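J.: Shown below is the structure under consideration.
The values are calculated or read from the model by the stated rules, or taken from the named source; none is laboratory data. Keep in mind that this is a model prediction, so the values were computed, not measured. Backbone-built Cβ (ideal geometry, glycine too); neighbour counts: all protein chains shown. For the accessible areas, the whole protein counts, side chains as well, though only heavy atoms, and no ligand, DNA or RNA atoms are used. Shrake-Rupley method; radii C 1.70, N 1.55, O 1.52, S 1.80 Å.
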Amino acid sequence: MAQSNQAATHFQTAGADYAKYRPTYPEELAEFLAKQCRQHNLALDVGCGNGQFSKLVAEHFKAVLATDVSASQIENVIPASNIQFAVEPAEECSAKDRSVDLIVAAQAAHWFDLESFYREVRRIAVPGAMIALISYGVLSINNERCNTRFRQFYYDEIGPYWPRERQHVDNGYDSFDFPFNELPYPTMYINREWTLKQFLGYVSTWSSAKAAAEDGKEQLMTRFSKELAALWGKPQQQRKISWPIAMRLGQLSI
């Protein structure tokens with residue numbers, strides 16, 4: 001299903017919570033991607049959400065076009081002088097033919113109609129442009145008991161409520177067709193120091209948590225929150241949360 005339909009359903013009202021709770025990517029990721037590019041005129045951030053990663057990319061390019069199918073996400077961006085934000089699906093990009101040096105989709109490509117998206121990528125990419133489909137995997141908490149309880153919640157309790165597209169995130173997009181010259185990338189993580197409130201706020205943004213609540217299973221989140229709080233320690237205590245970054249990185253034909 002095209003991004004314009006399915007992703008909009010999931011994220012049409014999520015912009016404020018995403019801006020508040022979702023983890024941001026490390027600067028080293030944007031820097032690495034920029035170094036792979038021959039030119040730095042225009043980058044495209046597809047499925048940009050509230051523009052967190054767009055701003056990091058913008059530090060390395062003259063201009064960035066950041067697009068998302070959700071108007072709610074775009075309404076919550078922080079404007080930047082060299083970023084143009086637009087509400088549009090991944091499969092119908094407003095960029096001109098052969099104009100984009102880097103096409104990136106961060107934690108978004110599992111919502112795309114890949115065949116149509118790749119067709120647009122080939123149209124808008126300059127010869128030799130780079131494409132990066134980025135995802136971050138299942139998090140870890142730097143406390144064994146908290147981490148064990150979290151993984152039980154993630155896989156066994158809330159797991160059935162994830163949309164089927166989530167499997168692509170969990171396998172780092174390895175299941176995707178990726179018809180480009182694929183390149184290696186360094187090991188990278190998203191790392192955050194979060195309080196219990198911040199962590200639970202993040203979990204509350206999950207589509208699976210919302211789906212469970214709609215199914216009358218609010219107690220899953222309530223019980224998890226209570227049991228995690230008992231393991232966490234003082235609520236204001238910060239714990240390190242880490243997400244492994246996965247990527248399909250490729251170069252288009254010159």
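J.: Anything in the stretch 50-75 that is assigned to a helix (DSSP H, G or I) and either acidic (Asp, Glu) or at positive phi (or both)? List them, or say none.
T.: Glu75
J.: Quick check on Lys234: is it free of Cβ contacts under 8 Å to residues at least 60 places away in the same chain, of a type in the set (D, E, K, R), touching a helix residue (DSSP H, G or I) at 6+ places or on another chain (Cβ under 8 Å) and open to solvent by 40 Å² or more (accessible area, probe 1.4 Å)?
T.: no
J.: Scan Ala90, Ala95 and give me the residue that is of a type in the set (Gly, Ala, Ser), modelled with pLDDT of 95 or more and within 20 Å of His168 (Cα to Cα).
T.: The conditions single out Ala90.
J.: Moving on. List every residue pair whose Cβ atoms lie under 8 Å apart, where the two residues are 6 or more positions apart in sequence or sit on different chains, the first residue falls within the stretch 239-254 and is within 11 Å of Pro179 (Cα to Cα) and open to solvent by 10 Å² or more (accessible area, probe 1.4 Å), and the second residue, located anywhere, is part of a strand (DSSP E or B) and acidic (Asp, Glu).
T.: Hits for this filter: Arg248/Glu182.
J.: Name the residues in the stretch 43-87 that are under 17 Å from the mean Cα position of the chain (by Cα) and acidic (Asp, Glu), would you?
T.: Those that are under 17 Å from the mean Cα position of the chain (by Cα) and acidic (Asp, Glu): Asp45, Asp68.
J.: Moving to a separate point now. Quick one: would you say Glu59 is open to solvent by 10 Å² or more (accessible area, probe 1.4 Å), in contact with a His (Cβ under 9 Å, 6 or more places away or on another chain) and modelled with pLDDT of 95 or more?
T.: no
J.: In the stretch 166-175, what count of residues is obtained for those that are surrounded by 17 or more Cβ atoms within 10 Å (Cβ to Cβ) and of a type outside the set (A, V, I, L, M)?
T.: Total satisfying the criteria: 4.
J.: Separate question: Looking at the stretch 177-199, which of the residues that are under 16 Å from the mean Cα position of the chain (by Cα) and not aliphatic (A, V, I, L, M) is farthest from Gln236 (Cα to Cα)?
T.: The qualifying residue farthest from Gln236 (Cα to Cα) is Tyr189.
J.: Can I ask one more? Has the stretch 148-163 got any residue that is under 25 Å from Ser225 (Cα atoms) and in contact with a Pro (Cβ under 7 Å, 6 or more places away or on another chain)?
T.: No, every residue in the stretch 148-163 fails to be under 25 Å from Ser225 (Cα atoms) and in contact with a Pro (Cβ under 7 Å, 6 or more places away or on another chain).
J.: Continuing with the same structure: Take Ala66 and tell me if it is open to solvent by less than 20 Å² (accessible area, probe 1.4 Å), in contact with a helix residue (DSSP H, G or I) (Cβ under 6 Å, 6 or more places away or on another chain) and within 17 Å of Tyr118 (Cβ to Cβ).
T.: So Ala66 does not fit the description; no.
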